[in-house]
Amino acid sequence: MKLTQSREVKIVNIVQKIRRAVILVSFLLFPITIYYFSPHLIIDGAANGIITGSLIMFAVLFLISLVFGRAFCGWACPGAGIQEWCFSVNKKKSRGGKLNWIKYFIWVPWLIIILIAAISAGGFHTVNPLYYTEHGISVSEPSAYIIYFSVVGIFVILSFTLGKRAVCHYVCWMAPFMIIGTKIKNFFKWPSLHLEVAPDKCKQCKICDDNCPMSLEVSKMVKSGSIKSSECILCGNCICSCPNGVIKYSWGYRR
């Protein structure tokens, strides 16, 4: 039994190393991919009736979230690589909670602007995934570095001042798409990736709380018998840190 549990812990630790490596590589590739995550290019493209690469990316992320929730945020987002690197400087928990609404204050007007721009252009009539890119590379000229370092600077400053994953909580323009997708999958309860818990095993040591990159009260959710927070990014840190094997990944219908 102990050997089996030890083997499971080793596997989980390896999975976490892989996750951190993936988001680090994603960050290193950010000069190439940044325009595919650009909220501005969606507006610019809409004003010209063009479906841009970033609009396609956001639509894909929404569709993915209907099955995998916010796993992209924990496993592949370049912003995750930036922010988790910042943990080495500031591991203070972000306030989150009631302040999570701030990103919607940014997101809703942005959607309205996109809609107005598209209507003014007579609707979308062209698809151009490489809009404003040269050979698919975003930062292909010196002036583009101004945009790149400005975005990276925002991630770093907010992480240093407001705590862990502050951008995810307060200003991320992609998060609302995946949060809505997560809420939809949780409501309909169709087969999906999620976390399952065994409350009876929990000792309320709250190690999971300390290790959650989204500063969530994981132990409280475990005690309730379900982890359904729309801010959960399915990174698996709580699984890795739990000494009692209380939390695990699960695929299928949520109980």
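Within the range 119-151, track down each residue that is touching a residue at least 60 places away in the same chain (Cβ under 8 Å) and more than 19 Å from Y35 (Cβ to Cβ). Answer for the range 119-151, where residues must be touching a residue at least 60 places away in the same chain (Cβ under 8 Å) and more than 19 Å from Y35 (Cβ to Cβ): S120, A121, G122, G123, H125. Assessment of the range 157-169 against the conditions (in a helix (DSSP H, G or I), among the small types (G, A, S), crowded, with 18+ Cβ neighbours inside 10 Å and within 19 Å of the chain's Cα centre (by Cα)) yields at least one matching residue. Looking only at the range 200-234, which residues are farther than 17 Å from R95 by Cα, in contact with a Gly (Cβ under 8 Å, 6 or more places away or on another chain) and modelled with pLDDT under 95? Correct list: K201 only. Inside the range 172-193, can you point out the residues that are surrounded by fewer than 19 Cβ atoms within 10 Å (Cβ to Cβ) and in a strand (DSSP E or B)? If the condition is that a residue be surrounded by fewer than 19 Cβ atoms within 10 Å (Cβ to Cβ) and in a strand (DSSP E or B), then L193 is the only one that fits. A single member of L66, L41, L55 is buried (at least 21 other Cβ atoms within 10 Å of the Cβ), in contact with a helix residue (DSSP H, G or I) (Cβ under 6 Å, 6 or more places away or on another chain) and in contact (Cβ under 8 Å) with a residue 24 or more places away in the chain, and it is L41.
For (1) modelled with pLDDT of 95 or more; (2) not polar (S, T, N, Q), each residue gets a yes or a no:
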| residue | (1), (2) |
| --- | --- |
| L111 | yes, yes |
| S143 | no, no |
| I147 | no, yes |
| G163 | no, yes |
| Y170 | no, yes |
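Pairing each residue of the range 85-109 that is within 16 Å of A175 (Cβ to Cβ) with any residue that is of a type in the set (K, R), provided the two are 6+ apart or on different chains, yields C-beta distances under 9 Å for S94/K164; S94/R165; G96/R165.
The values are calculated or read from the model by the stated rules, or taken from the named source; none is laboratory data. The structure presented is a predicted model; accordingly, all values stated were derived computationally and were not measured. Here the Cβ is made from the backbone with ideal geometry for all residues, glycine too, and neighbour counts use every protein chain on show.
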